[in-house]
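**Q** Before anything else, here's the structure in question.
The values are calculated or read from the model by the stated rules, or taken from the named source; none is laboratory data. Remember, predicted model here, so these are calculated numbers, not experimental data. A quick note on method: Cβ atoms are made from the backbone with ideal geometry, for glycine too, and the neighbour counts reach across all protein chains shown.
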Amino acid sequence: MISDSHEQKPMDGQHGERREFDPSRFFESFVWVSRTLVLQPRLFFRNLPTHAGLRQPLLFLVTTSFLAALFIANYHGVGFQMFLSLMAANIFSALIAGLVLHAIALKLSRTSAPLAATLRVICYASVVDIAAWIPIIGVVPYGYGLYLIFVGMQEVHTLSPRQAGFALMAIILVITVLVSTLVMLSPESIQEGLKLLDPQQS
């Protein structure tokens, strides 16, 4: 079992304490963030700045969305337009999820953390999107992504496990309703695009 409760804070020899994605050291930082989210997720979210700007986490989200869309597009042999649509859909859905989660957190707790803190959790949890598209086994990284959100909400908003679990179930319900509505109302081309995002449909 992986435990991070007593680990020391990750350090960067040149820049002091590393707390999140650093675009100036793109590849090294991306690998470090991804690895830390797998091995020490609670420590990572605990050390995140809650009142800083969103440039770093948004760039991380764009990167994971780009890679996920690229892999999906190549696997299914779809064109550039579908690639852009998949990437945009992933970014848009993440931001919507962040807004909904933050509203729920405000109802559940007297949190002082701003919207940016919730969006950070969503942006960094998107690391699983790189593998969540893979047929059959994609459900594993998808489930881990939910766990990252569960842990992240506890750390940045000091929610209890029960409160974080309730927030997670609420956002899953909201996303399910939105996707179901899109499938019923959207044209066939968009429905095909939604199917590409479901590894069990591949």
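**Q** Among the numbered criteria (1) at pLDDT 95 or above; (2) under 15 Å from residue 153 (Cβ atoms); (3) of a type in the set (Val, Ile, Thr); (4) in contact with a Ser or Thr (Cβ under 9 Å, 6 or more places away or on another chain), which one does residue 64 miss?
**A** Evaluating residue 64 over (1) at pLDDT 95 or above; (2) under 15 Å from residue 153 (Cβ atoms); (3) of a type in the set (Val, Ile, Thr); (4) in contact with a Ser or Thr (Cβ under 9 Å, 6 or more places away or on another chain) leaves (2) as the failure.
A quick yes/no check of all residues on (1) in a loop (DSSP other than H, G, I, E, B); (2) surrounded by fewer than 18 Cβ atoms within 10 Å (Cβ to Cβ); (3) in contact with a strand residue (DSSP E or B) (Cβ under 6 Å, 6 or more places away or on another chain):
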| position | (1), (2), (3) |
| --- | --- |
| 121 | no, no, no |
| 134 | yes, yes, no |
| 143 | no, yes, no |
| 159 | yes, no, no |
| 169 | no, yes, no |
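**Q** Are any residues in segment 91-116 under 12 Å from residue 159 (Cα atoms) and surrounded by fewer than 17 Cβ atoms within 10 Å (Cβ to Cβ), and if so, which ones?
**A** Selection gives 106, 107, 110, 112.
**Q** Right, something else. For segment 88-119, name all the residues that are within 22 Å of residue 20 (Cα to Cα) and not in a helix (DSSP H, G or I).
**A** If the condition is that a residue be within 22 Å of residue 20 (Cα to Cα) and not in a helix (DSSP H, G or I), then 111, 112, 113, 114 are the ones that fit.
**Q** Moving to a separate point now. Is it the case that segment 141-163 has a residue that's basic (Lys, Arg) and free of Cβ contacts under 8 Å to residues at least 60 places away in the same chain?
**A** First, the residues of segment 141-163 that are basic (Lys, Arg): 162.
Adding the requirement that they be free of Cβ contacts under 8 Å to residues at least 60 places away in the same chain leaves 162.
Checking segment 141-163: at least one residue is basic (Lys, Arg) and free of Cβ contacts under 8 Å to residues at least 60 places away in the same chain.
**Q** Run down 21, 83, 71 and say which single residue is modelled with pLDDT of 90 or more, touching a Ser or Thr at 6+ places or on another chain (Cβ under 7 Å) and at negative phi. Reasoning before the result, please.
**A** Numbers: 83 fails: touching a Ser or Thr at 6+ places or on another chain (Cβ under 7 Å); 71 fails: touching a Ser or Thr at 6+ places or on another chain (Cβ under 7 Å).
Unique residue meeting the criteria: 21.
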